[in-house]
Amino acid sequence: MQPDLIDKQQKTSKASEADLNPTGFESLQIRIYPLTPDQFTTVSAQYQNWKKLFQNDPHSDLEQHPDHVLRIAPLLQKNQPSIYGHLILCRQGNKPVAAGILLPKSISTKILRGLGPARQLHGYFLSGKRFLIAEDYQHDHAFKKFLLEATLSFCDQTAGRYLLLEDILIDETLNQSLTQLSPHCLRYSHTGFQTRCLIQFPEIPADYWNQFRSKSRRKHRKLIRDNSHLKLVRITRPDQVADFLEAAHRISRNTWQTQRLGLRVKNSDKELEELMFFALNDSLRSYLLMDQDRPVAFKIGSQHRGIYHDREFGFDLDYASVSPGETLLLLILEDLISFDTPRTFDFGTGDAEYKQRYCSETTRSRSVLLIPASLRNKSLLNYLRLSRWIDRVSRNALKSSGIYTAVRQLVRYRKLGSR
């Protein structure tokens, strides 16, 4: 099946193909398919190629599974009717060697550290934070650079203004390929490199606790005893998803994350679809902390290919005085150690003191916007870079005075000096 024609906002992939194959990769062919049901029946060649790449890539993420993406894409489409999701499929002859899933994204200039009135910028994000890649190309920097430039070229031909790469680890080849992009690809990172915390569980998982001093271990046990009225509930089954999401939504309405960043868990159709898909594929591993019938704290997580992904977390600020967040984490770690222990616990984006305290390893990651080098986009980039510089200088001044830390404690915990 050939790709559909793309309307006024979107050219056909066939017409774009010559522009997407730079010198050195003439043997590769790129096709771009809109994520529509008629393009991706389970017996279609492009569906089968996509699924094969997913199954054979040892680093694939469930967010890249075709069944998941094809159900999520229409929900995202409702919020951005001018931009369609697409699959970028790269072949060498008849063999699929890579795929990228582009989904619509709207991001505020406020999130990008822009000063002044917030504006919404429309573009794409790379689902799963990476490309699906065949084994022969897994560590090929030049190939990943080719994929990035081909993808950004497509974005430039459509209504999408940018390609967002979220949470790219510093030692990934994809991140290293970013430094080799042509001058026609502008880069901007609103996060910069941030500390990324991991727990690498030892061969005997219980030995994880040996990294803590005896005083710290006693403190952990005391906190759990003091909060023995709070009970942990593990969420893994499809029949638990709806109630869990409702409880997480209730908690989220009174968390510091919501006060600072906006409502984090909305109990939306998209969230329900995502968690249900994880549960149906035996990868959902979320938790609730309950005070009798009242939900106190939650963690949305999933476990896939030996990695536990910490996706979202929150606790009710009314319980801040009893440290529900740390209690929840300690109970989760005990559960992970005693049952189906993952190889790695990935705390996800964002740095926090508790992550540093409980991790066994740190690396760094960042999010990056790739933008075609038009005059309009260069002006946007100059504005964002100046805004980010002013923001960084202001934060450093507040941190040096102690005001920043005090305000953050008040926002998160409603008191100074709390955990």
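The values are calculated or read from the model by the stated rules, or taken from the named source; none is laboratory data. The shown structure was predicted, so the numbers you read here are calculated from the model rather than taken from an experiment. Quick reminder, even Gly has a Cβ in these numbers, built from the backbone with ideal geometry, and neighbours come from all protein chains shown. Side chains included, ligands, DNA and RNA excluded: accessible areas come from the protein's heavy atoms. Shrake-Rupley method; radii C 1.70, N 1.55, O 1.52, S 1.80 Å.
Matching residues to (1) assigned to a strand (DSSP E or B); (2) under 24 Å from residue 29 (Cα atoms); (3) in contact with an Asp or Glu (Cβ under 7 Å, 6 or more places away or on another chain):
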| site | (1), (2), (3) |
| --- | --- |
| 100 | yes, yes, no |
| 107 | yes, no, no |
| 115 | no, no, no |
| 121 | yes, no, no |
| 136 | no, yes, no |
| 139 | no, yes, no |
| 155 | no, yes, no |
| 166 | yes, no, no |
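Residue pairs whose Cβ atoms lie under 8 Å apart, sitting 6 or more positions apart in sequence or on different chains, and linking a residue in segment 260-288 that is closer than 14 Å to residue 68 by Cα and touching a residue at least 12 places away in the same chain (Cβ under 8 Å) to a partner that is β-branched (Val, Ile, Thr) and in a helix (DSSP H, G or I), are 270/72; 272/241; 273/72; 274/72; 275/241; 276/241; 279/241; 284/241.
Exactly one residue out of 149, 166 is touching a Phe, Trp or Tyr at 6+ places or on another chain (Cβ under 8 Å) and either of a type in the set (Asp, Glu) or open to solvent by 10 Å² or more (accessible area, probe 1.4 Å) (or both): that is 166. When residue 302 is tested against (1) free of Cβ contacts under 8 Å to residues at least 40 places away in the same chain; (2) of a type outside the set (Lys, Arg); (3) open to solvent by less than 10 Å² (accessible area, probe 1.4 Å), exactly one condition is not met: (1). Screening segment 324-383 for residues that are part of a strand (DSSP E or B) and more than 19 Å from the chain's Cα centre (by Cα) and picking the one that is nearest to residue 209 (Cα to Cα) gives 361. Looking at segment 374-401 only, could you name the residues that are open to solvent by less than 50 Å² (accessible area, probe 1.4 Å) and at pLDDT 90 or above? Correct list: 377, 380, 381, 384, 387. A count restricted to segment 40-68 and to residues that are under 18 Å from the mean Cα position of the chain (by Cα) and open to solvent by less than 60 Å² (accessible area, probe 1.4 Å) stands at 9.
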